[in-house]
C-alpha cells in the first residue's frame with residue numbers, strides 16, 4: 001500500500017505533469033486570433049483595410065458587425081479578442097486629409113492575444129497609412145523615390161535578442177517543467193521522511209541507517225538521482241523535438257538541475273524536521289511550492305517586484321535555477337554570468353541539511369514525536 | 001431528507017473540529033489572497049534599463065537618447081562602444097535592450113534620406129521585450145514625427161495639416177477591461193478563482209469520504225446521495241462566503257475593475273462550486289490518507305492556469321487537450337467569471353460556459369454518489 005502511494009508520487013504524477021505541460025505548449029504561437037470589425041464606411045479603402053487585417057497571419061476577421069454593441073458582444077462572449085472600428089466617411093476623410101481615426105479596442109484581460117493584436121493591427125494600419133501618405137506626396141509632385149524616402153524620416157529596425165521567433169513556448173515550457181519538478185521533489189521528499197514519523201517506524205528506519213544522517217540520505221539520495229534523471233529528460237524533450245534552444249552550457253544546466261533537486265530535498269527535510277507532522281509538512285510544502293512560479297520573476301521580472309516579494313523569491317531554489325536556465329538556454333550567457341545563481345542553489349544544499357538533521361536526530365529516536373496527524 | 005441534513009450538520013461540526021482541514025478550507029483563502037499578489041503590486045513594469053550605442057554623437061542622436069531616457073518604460077542605464085558590447089550587457093542581464101544609432105545618422109536625416117536606428121529588446125523575458133520595444137520604438141517615432149512635421153511646416157503647410165499629412169490613417173489603441181494594463185489586474189483575479197477550486201478540492205480530500213453507516217439503514221445509493229448533497233451544501237455555503245470576500249472585498253482592495261452584476265456572478269459561482277465540490281467528493285475516495293489530497297493535487301494548479309485561456313489562448317492548445325480540459329471546472333469558470341466580473345458580461349454572454357458548468361455538476365454528482373457508495377460497499381465487505 002505504502003509503496004503504491006510512493007509509486008504514484010515518484011512516477012505516475014511526474015510523468016503525468018510533465019506530459020501535460022508539454023502538451024499545453026505543443027504549438028508554438030497562437031495564430032488566427034479572431035478580431036471583430038465594425039466597418040461604418042464600407043468603402044473601397046475600408047474594405048482594403050479589413051482585407052489587410054484578415055491577411056495578417058496572427059488574426060482572422062470576424063464580422064463585419066453593424067454596430068459596436070454587436071462587436072462588444074463577441075468580445076464579452078469570448079469569441080473575439082478585440083474590435084477594430086472604422087468610422088463613417090473614412091475614405092472621404094482620408095482623401096480630404098482629415099486623418100480619421102481607426103480605433104482598436106483589445107482585450108487586456110488576456111495578455112498574450114491582446115498584445116499580439118495591438119502589435120499587428122498597428123503594423124497593418126501603419127502600412128496603409130504610409131501608402132496613403134506616399135500617394136499624397138506623389139500628388140504634390142514628388143517622384144516615387146523621393147516620396148518613398150521622405151514618408152518616415154527616422155525608422156526603427158526592430159529585433160528580438162536571443163529569441164528571434166518570439167517563441168512563447170521556448171520561454172514558458174522549460175520554466176513550467178522546472179516548477180513542476182520542484183513540486184514533485186518537495187512532495188515526495190516530505191512524504192518519504194514524514195511517513196516514518198507518522199507510522200511510528202522511525203526507530204527501525206534509524207537502526208537500518210546506523211545514523212540519522214545516513215538514514216535520511218538513504219531515503220533522499222535515490223530519489224535525487226531519479227528526479228534529476230526524469231527532470232533532465234523532461235527538459236531535454238522540448239530541446240530535441242520542439243525547437244526550444246539551448247545555446248549555453250548543457251553541463252551547467254544539468255549540474256543546476258541536480259542542485260535544484262537537492263535544494264528542494266533540503267527544504268523537505270527542514271519542513272519535516274520542523275513540524276514532525278506529515279500532514280502539516282505537506283500543507284507547508286503546498287504553501288512554499290504552490291505559488292512559487294509567481295515569485296521567480298519569469299512572468300513579471302524580479303526587478304519590478306516590491307522588496308518583500310524579491311526576498312521571498314530569493315528563498316526559493318527555483319528562482320535561481322530559472323535565472324540560470326534562461327541565461328544558459330536562451331541567451332547563451334557565459335558561465336561566469338551563471339555563477340551567482342549556482343552559488344545560491346549550492347547554499348540551500350549546504351546550509352539547510354545540517355540545521356534540519358540536528359533536530360531530525362531527536363525526532364527519530366523519541367516516540368513522543370511519532371504518530372502525529 | 002433527514003439524512004441529508006444530518007450529513008450537512010456532521011460536515012459542519014466535523015470540519016470545525018478539524019484544524020488540518022480548516023487551515024486549507026478557511027486559512028489558505030485569506031492567506032493566499034494577500035500573499036499571492038505581492039510580486040505584482042506595482043502593476044506596470046517601467047524604467048527598464050537599456051544600453052545605448054551612439055556612433056553618431058551629433059545633436060540629433062543625443063536628442064533621440066534623451067527622448068528614450070524620458071520615456072516612462074525605459075531608462076538609459078549604460079553606454080556601449082559597439083553593438084557587440086551592448087549585446088553582452090543584455091546577455092549578462094545588465095540591460096533589457098539596445099538602442100543603436102549608426103554613424104552618419106544626422107547627416108542622412110539632413111540629406112532627406114530615411115535614417116534607420118536599431119531597436120533591440122531582450123526576448124528572453126516577454127514582459128521586458130514588450131515594454132522595451134514599445135518604449136524605444138515610441139521614442140524613435142516621436143523624433144521622426146517631429147522632423148517630418150518641421151519639414152512640412154517649412155514648406156508652408158500649417159502644423160495641424162502637416163500632422164494629418166504624415167499619418168493620414170492614425171490608429172488609436174485602447175485596452176478593454178483593464179485600463180492601466182496592470183499585471184496584477186490581469187493575473188490575480190483568475191488565480192483567485194483557481195485558489196477557490198484547488199483549496200476546495202484539497203480541503204474535501206483532507207476531510208475524506210463519509211461514513212455512510214451513520215446515515216441510517218436506507219438504500220445505499222440514497223444514503224450516498226444524501227451524504228454527497230448534504231456535505232456539498234456545507235462546502236458551497238462556506239465557499240459562497242469566500243467568493244463574496246474575493247470578488248467583493250479583495251478585488252476592491254486591490255483596485256481591480258468590478259463592472260459585473262453580483263447576480264450574474266452568483267449565477268456562475270454556484271454551478272462552479274457545485275461542480276468542484278462534487279468532483280472533490282468523487283476524488284476523495286482515492287485518497288487513503290488525509291495528506292494524499294495535498295500531495296497529489298498540488299501540481300495541478302499550474303497546468304490548470306494555462307488551460308484556463310487567459311494566459312495561453314485555447315486555440316493554441318492541441319484539439320484533444322482543449323476538449324479534455326473542459327472536465328476541469330476552472331477551465332470554463334475562469335474565463336466566464338472574468339468576463340462577468342471585470343468586463344460586465346451578462347449570463348447570456350457566458351451561456352456556453354454556464355451550461356458546461358451545470359453539466360459538470362450533474363456528471364460529478366453521479367460520480368461522487370457512485371464513488372461513495374462503492375467505497376461503503378467495499379468497506380462493509382472487509
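Every read-out reported here was derived from the displayed coordinates using simple, explicitly stated rules and does not represent laboratory data. As the structure is a prediction and not an experimental result, all values here were calculated from the model. No Cβ is skipped: glycine too gets one built from the backbone with ideal geometry, and neighbour counts run over all protein chains shown.
Per DSSP H run of at least 4 residues, take -39500 (n - 2.57); add these up for chain A, divide by its residues and hand me the 222 nm value, nearest 500 deg cm²/dmol.
-21000 deg cm²/dmol
Per residue and in Å³, how big is the convex hull formed by the alpha-carbon atoms of the stretch B:48-166? Intermediate results must be reported in sequence, preceding the final value.
Numbers: hull volume 11.9 nm³, N = 119.
Roughly 100 Å³ of hull volume per residue.
Among bridges DSSP assigns within the protein assembly as shown, what percent are antiparallel (round to 5)?
Numbers: 8 of 39 bridges.
Taking every DSSP beta bridge with both residues in the protein assembly as shown, the antiparallel ones total about 20 percent.
Pick out which of B:213, B:280, B:81 has the largest mean-square fluctuation in a Gaussian network model of chain B, springs linking Cα atoms closer than 10 Å.
Result for chain B, Cα springs under 10 Å: B:81 fluctuates most.
In the stretch B:48-166, what percentage of the DSSP-assigned beta bridges are antiparallel, given to the nearest 5?
Details: 4 of 13 bridges.
Counting only bridges with both partners in the stretch B:48-166, antiparallel ones make up about 30 percent.
For chain A, what proportion of DSSP beta bridges, expressed in % and rounded to the nearest 5, is antiparallel?
Taking every DSSP beta bridge with both residues in chain A, the antiparallel ones total about 35 percent.
Nearest 500 deg cm²/dmol is fine: what mean residue ellipticity at 222 nm does chain B get from its DSSP H runs of n ≥ 4 alone, each adding -39,500 (n - 2.57), divided by its residue count?
Computed ellipticity for chain B at 222 nm equals -19500 deg cm²/dmol.
For the stretch B:88-136 and the stretch B:17-38, write down the distance between their C-alpha centroids in whole Å.
When both Cα centres are located, 46 Å separates them.
Using the 10 angstrom Cβ neighbour count as an exposure proxy, how do A:169, B:375, A:96 rank, fewest first?
A:96, B:375, A:169
Apply 1/(1 + (r/R0)^6) to the Cβ-Cβ distance of residue B:6 and residue A:307, taking R0 = 41 Å, and write down the FRET efficiency to the nearest 0.05. Walk me through the numbers on the way to the answer.
On the way: r = 52 Å, r/R0 = 1.27.
Between residue B:6 and residue A:307 the formula returns 0.20.
Hey, got the average number of other protein chain Cβ atoms within 10 angstrom for residues in A:144-154?
Mean number of neighbouring Cβ atoms from other chains: 6.
Give the Kirkwood hydrodynamic radius (Å, one decimal) of the stretch A:33-150, defined as one over the mean of 1/r across all pairs of different Cα atoms.
14.9
In nm, what is the difference between 0.36 nm times the number of residues separating residue A:241 and residue A:199 and their Cα-Cα distance?
Difference between extended and current length: 10.7 nm.
What's the average, rounded to a whole number, of partner chain beta-carbon atoms within 10 Å of each residue's beta-carbon in B:98-104? Intermediate results must be reported in sequence, preceding the final value.
Values: counts 2, 1, 3, 1, 1, 0, 0.
Across B:98-104, the average partner-chain Cβ count within 10 Å equals 1.
Which FRET efficiency, nearest 0.05, do residue A:96 and residue B:181 yield, Cβ-Cβ r, R0 41 Å?
That pair, residue A:96 with residue B:181, gives E of 0.75.
To the nearest 0.05, how large is the calculated FRET efficiency for residue A:68 and residue B:46 if R₀ is 30 Å and r is the Cβ-Cβ distance?
E between residue A:68 and residue B:46, to the nearest 0.05, is 0.40.
Quick one: work out Rg over Rh on the C-alpha atoms of the stretch B:242-344, Rh as Kirkwood radius.
1.01
Springs between alpha-carbon atoms under 10 Å, Gaussian network over chain A: tell me which of A:125, A:146, A:102 tops the mean-square fluctuations.
Taking springs between Cα atoms under 10 Å, the residue moving most is A:146.
Within a 10 angstrom radius of the beta carbon, how do B:349, A:89, A:320 rank from fewest other beta carbons to most?
Neighbour counts put them in this order, fewest first: A:89, B:349, A:320.
May I have the extent of the alpha carbons of the stretch B:162-292 along their three principal axes, as whole Å values ordered from largest to smallest?
For the stretch B:162-292, the Cα extents along the three principal axes come out at 88, 31, 27 Å.
Please list the radius of gyration and Dmax for chain B, considering alpha-carbon atoms only, with Å as the unit.
My reading of the Cα-based Rg and Dmax gives 28.9, 98 Å.
For the residues B:370, B:171, what sequence is obtained by ranking on other C-beta atoms within 10 Å, fewest first?
Working: B:370 16, B:171 19.
Starting with the residue having the fewest Cβ neighbours, the order is B:370, B:171.
Would you look at the GNM of chain B, springs on alpha carbons closer than 10 Å, and say which of B:11, B:43, B:108 moves the most?
Top of the fluctuation ranking is B:108.
Starting from the eigenvalues of the Cα gyration tensor, five times each then square-rooted, give me the equivalent ellipsoid semi-axes of the protein assembly as shown, largest first, whole Å.
53, 34, 18
On average, how many beta carbons from a partner chain sit within 10 Å of the beta carbon of a residue in A:309-316?
Partner Cβ neighbours, averaged per residue: 2.
Given the C-alpha centroids of the stretch A:53-89 and the stretch B:279-305, what is the distance between them in whole angstrom?
Each part's Cα centre sits 41 Å from the other's.
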